[in-house]
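Note sheet for the following structure.
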């Protein structure tokens, strides 16, 4: 069975530094917890928001900010599915495939997207516009099929609606 | 038109997420009336007497869990809301938080007061980023109104509340895995004992409660235990929000008293099946619990009745499976879910979910063998009760339930090398470029 | 009985201490419960589930008393689910069943799961034959698997030159990751992804930038992690495995050498034996390949004419003996001196000084050739509280407070470092490190305190610590005479020194002293940073004073541990390879002590001898005419190379015991090829003072023999009637004759060594001569030279290990990035270091642990002693880019 092995990031910056805003957000995050390392998830989110994904340099920066060994941050980031260890397209299309949505037509929706975009699960369109992924239950079961674009929920989809949606996503 | 007796009574009030609207409906009055006027122990007693049970899936008596916090411990205590809602078929906490975040905040402050906590966290699943923004805004409003901080409602009680966003891991709904994740580790569960009430977050006494559970607390404290018991049964007191999904006419969240007939919920409240489909099976409490065949549709929605039928009320995620859907296909979907979400810590779940998914794949694609059915049963049995946490059980039980009630469909796959029915495959096949 | 608990496992009842885990209780009941993720040095995990058993406790009636069944025994309530034995603590009356249908089915199920994705790699897997998965599958699994699907796969990868990872084989027991975190403190490995795709790797799959200890390979129960140096070389059943004592550092770890034929193919830990059990450092695990080196000496060499020529043993022995006899007759016995020997076994050291003192009659014996300022061996014994119950490594792990003075344990005593790391991670140990560099244990992640002493201010810092300790009063348990000596000490400590002088604020010093005083369990550690310091003897005296002041030495026990330069440095002290001590800690100047040795030795010189540095000076001046150097490349190890050159030039007879033709050996007149540590039996003394057996694992290289045989042959050629047949014979004499060794024998030293029964060294708390003032004028144009042992480069021998040499790379000088930038230097630039006696050129490496105004060069391989010996509190060197003209005012460059 294949999987997306996490490989070293070939094309990423050598070093990164926080922007002023991000630095303030990191400080705020650290202040919310009595133990520094609890901030690792919020700080990883801040990094991903800054750069769209988590290159090696970002993991190093997070490790430094939170006072954790780099190896641990690597292990933590890759445990969770929502952290992008590779660059993603401008619009991250995440289609729920779990039972309820599947009962409502998620599989045909996904196949439609695959054919329309010309990429499979995990792939990014050549113009960098869309990354398509299968994901598990999004807690939108009553409104299936559901697709999360970035953080935005889109429910009760069918082929027509999703086509219209993609049109608007530049 | 009220959508439910308790939590859904005013859920659709426009602007309820704003503190002014919330207060207009009586919000935060209970807080002011309780802090320093009712003792923490009394609060715990009321919740105990109310019969409130954890609404996330385990159904553990809430008041009892609160009473496990050692009174004499000098360590700080924490109250944590499990808003990780990732059980397939469940979407109640999402609607509750989106529309009524202040009720959760009020519930958490009261729960914190009861256990002597001055710091609480709301652990939200990563996909709920927009919910986090809604809840953070409400927290900001509450802070500005002096309802959070060093002097809650002027009583001198200190309580701070923060949201914490996960990043995509169902296992973080397990309370010790949630605490691992909140502490800044990989979200893997931890040994129990020690239980979180004694040694939880940062090895301090911690209570982890589901969103819905916490949101019941202000109402219970305001109206009393007997009031809460007007609904439900002796052992399953109160109401529950059930999330109904699948090909019914009106899927969605429904709040009903515990003990309500599942048949009524599906056929009346949800309007029954969409045109052309009939009920074949129902999963009553999220994908982790065994399914019930259509013959058991009229089972009361309470903890004991479901146990008696060999399944669980669980999270109350009611997934309706139609007669054109292949059970084997459906279970393959569910098994893949557990394989993807297995944290990998323990052998039976890590390897067993992988193995079962592989066998299901073969069965579904017409390459099943006669021994596969016994193999699935055996693998599920080898996981059940042997895994580190309940995720293993959650992966095994649905398979066992399907084998028990729909053995014939499995056998058909072996003898005929195909599904008897499979609406999903047919629909996918229709998709053209 | 309080503290003990009764458990019945498969019908066998045992009593075990409360808090015992079911798996350990089962072991006590001789019931084998398999484990994978469980490890004796790691807290319970409960992940692999292979140890599942049925657990039951006595049913309690309403009166809270056990319900008695019809058979008269308590009724047992069995838990509904099987439990992992490794996470379940026993309770009184508990019953455990491991062989019932339920338990067996559960265990077989888990075993089958373990093999679901595990590849059938046995034919190509190095672990085969010593694989826990193989063994336990055979013992506890089915003899078939029903898994018939495609397995999940990973790519295998090299995680650097040491660790090979074949992730397909991994059973995710997490031992490697947890051991690296909790025992090594390196956090080099991590699990990434999750579920069945969980993969162990390094950060971003980069080569592991860690201590390369290979303990991850050791604890891996399958072949997921294997050692690249050993890859595909042998099967375990090809190997003879012998447990002996590692030759590298004074921790005295037990290594299990795997030998095939005449070759050491690998080394492993010992799981349950020795001080270290499964632990080894990179040197102990991968640093023994030099034993197999083709250029080992195989024939004696004699320089009768112009050059060294091979000779037979008889000829070499006779020639050496004749020359020695001549020189002794012509110039007196004191014209002969013995140097080196810290790397020998106790028996060899004993015979070395017996040959020197008893046969030849010279008192000039000193093993400590690395010392610039000779520390009387007696002073070192006092400073470590010798003769009292000592600090063990277990006690070190258990300590509440540890103070490390001026040593980087990572390079000097890696196992001691690991003991401290584990104490910190698992037992709440707090460490205070006094060091100019921010060495590993001083790093923030170990949450200790770093006393960033200014280079050269080591002695002032110790005096300040002493002052702070005495300000808290005299500790309890101090004998009356020491008490008054401590009181009398205070005026001699001088005026309080400001932070500018020591580099450490008074408040920090006071806090460190207070923590040590208040700790019930403490440890004080020091080593070569003190012993090879230009003010070593003053420092050692000051440390003795400090130890009493901190309560680290009392009448009852000692919590002080010193790390010498070599694995048997402690042995050299106890065997009297020091000018001021006879074996057993007896003073060479004491008539009664001499009398005790006159019978076994024949005779004894009447006074103490010269220390190593003075021996060399005497040789350079022509007063000492013969030098016997035992296993010591003096040209590399002595602090003043020029002096060694002169001494070797001047001496008319230089005899050398050596493994290789070193630079020093090349200048000798007689070279005796000797056996390596693994090729001879003997005993050694580690830094705990533990006496351990060192066992022969393979035959000596043809032509070589143990050092003690060489000494005996020459002694016999000189007329001594020595008739030792084995090393054990020598040990029997030691046990008879040397105080502290009475009653010991080889048999008593198994399996975990034995302890000496020496009399407690009498305290000598005394004022220390004030250190000369630092030369501030030089500060602006020179750098302090900091040196020390490092893991991969440790003495000339480490350069002969292919693995260690590869890991060490070429010698480099290290500056902090800020300092390099200030000087306009970049990594890789060649820099010239200039000292009073000469200059060396090295490439530059950046290292943020090095303070400003200092340059760090590891001891080995850089030929540091060309720069000259230190004067004052250390060596100041000029530093500039190689090829540039000298700065005005810098130490003048002296021609090499």
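The values are calculated or read from the model by the stated rules, or taken from the named source; none is laboratory data. Treat the numbers as computed from the prediction; the structure is a model and nothing was measured. Note: ideal-geometry Cβ built from the backbone for every residue, glycine included; neighbour counts use all protein chains shown.
Just a few scattered comments:
- Residue C:110, sole failed condition from (1) within 20 Å of residue C:47 (Cα to Cα); (2) without any contact (Cβ under 8 Å) to a residue 24 or more places away in the chain: (2)
- Qualifying residue in segment C:153-167 (condition: at pLDDT 95 or above, away from chain B (no Cβ under 14 Å), part of a helix (DSSP H, G or I) and within 35 Å of the chain's Cα centre (by Cα)): no
- Taken across segment C:857-875, residues that are modelled with pLDDT of 90 or more and farther than 20 Å from residue C:371 by Cβ do not occur at all.
- Residue match in segment B:337-345 (condition: at pLDDT 95 or above, within 14 Å of chain C (Cβ to nearest Cβ) and in contact with a strand residue (DSSP E or B) (Cβ under 8 Å, 6 or more places away or on another chain)): yes
- Residue within segment B:89-99 that is within 11 Å of another protein chain (Cβ to nearest Cβ) and more than 13 Å from residue B:211 (Cα to Cα) present: yes
- From the list B:399, B:428, B:421, the one residue that fits, being surrounded by fewer than 19 Cβ atoms within 10 Å (Cβ to Cβ), part of a helix (DSSP H, G or I) and away from chain C (no Cβ under 11 Å), is B:428.
- Meeting the requirement of 1 or more residues that are closer than 28 Å to residue A:140 by Cα, the helices (runs of 4 or more DSSP H) wholly within segment B:161-253 are B:175-183, B:211-223.
- Qualifying positions in segment C:723-772 - buried (at least 20 other Cβ atoms within 10 Å of the Cβ) and more than 28 Å from residue C:598 (Cα to Cα): C:753, C:765, C:768, C:771
- Residue ID - modelled with the lowest pLDDT, chosen from residues in segment C:116-152 that are within 25 Å of residue B:371 (Cβ to Cβ) and more than 14 Å from chain B (Cβ to nearest Cβ): C:143
- Of everything in segment B:160-176 that is out of contact with any helix residue (DSSP H, G or I) (no Cβ under 8 Å at 6 or more places or on another chain) and under 21 Å from residue B:98 (Cα atoms), the residue that is nearest to the other protein chains (Cβ to nearest Cβ) is B:160.
- Qualifying residue in segment C:290-297 (condition: over 18 Å from residue C:571 (Cα atoms), modelled with pLDDT of 95 or more and in contact with a helix residue (DSSP H, G or I) (Cβ under 7 Å, 6 or more places away or on another chain)): yes
- When residues of segment C:310-353 are limited to those that are free of Cβ contacts under 8 Å to residues at least 12 places away in the same chain and touching a strand residue (DSSP E or B) at 6+ places or on another chain (Cβ under 9 Å), the one nearest to residue C:741 (Cα to Cα): C:326
- Screening residue C:113 on (1) touching a strand residue (DSSP E or B) at 6+ places or on another chain (Cβ under 9 Å); (2) crowded, with 16+ Cβ neighbours inside 10 Å; (3) within 29 Å of residue B:194 (Cα to Cα); (4) within 12 Å of another protein chain (Cβ to nearest Cβ) shows it passes everything except condition (1).
- Residue B:359 touching a helix residue (DSSP H, G or I) at 6+ places or on another chain (Cβ under 9 Å) and over 16 Å from residue A:98 (Cα atoms): yes
- Among the criteria (1) modelled with pLDDT of 95 or more; (2) on the phi > 0 side of the Ramachandran plot, the one residue C:300 does not fulfil is (2).
- Residues satisfying the stated conditions in segment B:132-159, i.e. touching a strand residue (DSSP E or B) at 6+ places or on another chain (Cβ under 6 Å) and within 12 Å of another protein chain (Cβ to nearest Cβ): B:132, B:136, B:139
- Matching helices (runs of 4 or more DSSP H) fully within segment A:58-162 where at least 2 residues are away from chain B (no Cβ under 11 Å): A:70-79
- Extreme residue, surrounded by the fewest Cβ atoms within 10 Å (Cβ to Cβ), among residues of segment B:65-81 that are touching a helix residue (DSSP H, G or I) at 6+ places or on another chain (Cβ under 6 Å) and within 14 Å of chain A (Cβ to nearest Cβ): B:77
- Looking across segment B:256-294, the residues that are in a helix (DSSP H, G or I) and either within 12 Å of another protein chain (Cβ to nearest Cβ) or surrounded by fewer than 20 Cβ atoms within 10 Å (Cβ to Cβ) (or both) come down to B:263, B:264, B:267, B:268, B:269, B:294.
- As a summary of the residue check, residue A:54 satisfies the conditions (1) over 22 Å from residue B:121 (Cα atoms); (2) part of a helix (DSSP H, G or I); (3) under 17 Å from the mean Cα position of the chain (by Cα) except for the one numbered (2).
- Residue within segment C:428-438 that is within 21 Å of residue C:213 (Cα to Cα) and touching a helix residue (DSSP H, G or I) at 6+ places or on another chain (Cβ under 8 Å) present: no
- Of all residues in segment C:322-345, those satisfying the criterion of being outside any helix (DSSP H, G or I) and crowded, with 20+ Cβ neighbours inside 10 Å are C:336, C:337, C:338, C:339, C:340, C:341, C:342, C:343, C:344, C:345.
- Taking segment C:203-222 as the range and being at pLDDT 95 or above and facing chain A (nearest Cβ under 8 Å) as the test, no residue passes.
- One residue stands out among those in segment C:45-70 that are part of a strand (DSSP E or B) and touching a residue at least 40 places away in the same chain (Cβ under 8 Å): the one that is nearest to the other protein chains (Cβ to nearest Cβ), which is C:52.
- Considering residues of segment B:114-131 that are in a helix (DSSP H, G or I) and in contact with a helix residue (DSSP H, G or I) (Cβ under 6 Å, 6 or more places away or on another chain) only, the residue farthest from the other protein chains (Cβ to nearest Cβ): B:114
- Test: residue in segment B:104-113 that is away from chain A (no Cβ under 14 Å) and surrounded by fewer than 24 Cβ atoms within 10 Å (Cβ to Cβ): no
- Against the test of being free of Cβ contacts under 8 Å to residues at least 12 places away in the same chain, within 11 Å of chain A (Cβ to nearest Cβ), in contact with a helix residue (DSSP H, G or I) (Cβ under 9 Å, 6 or more places away or on another chain) and buried (at least 22 other Cβ atoms within 10 Å of the Cβ), the options B:333, B:253 yield a single qualifying residue, B:333.
- For residue C:95, the conditions (1) more than 10 Å from chain B (Cβ to nearest Cβ); (2) closer than 25 Å to residue B:355 by Cβ all hold with the exception of (2).
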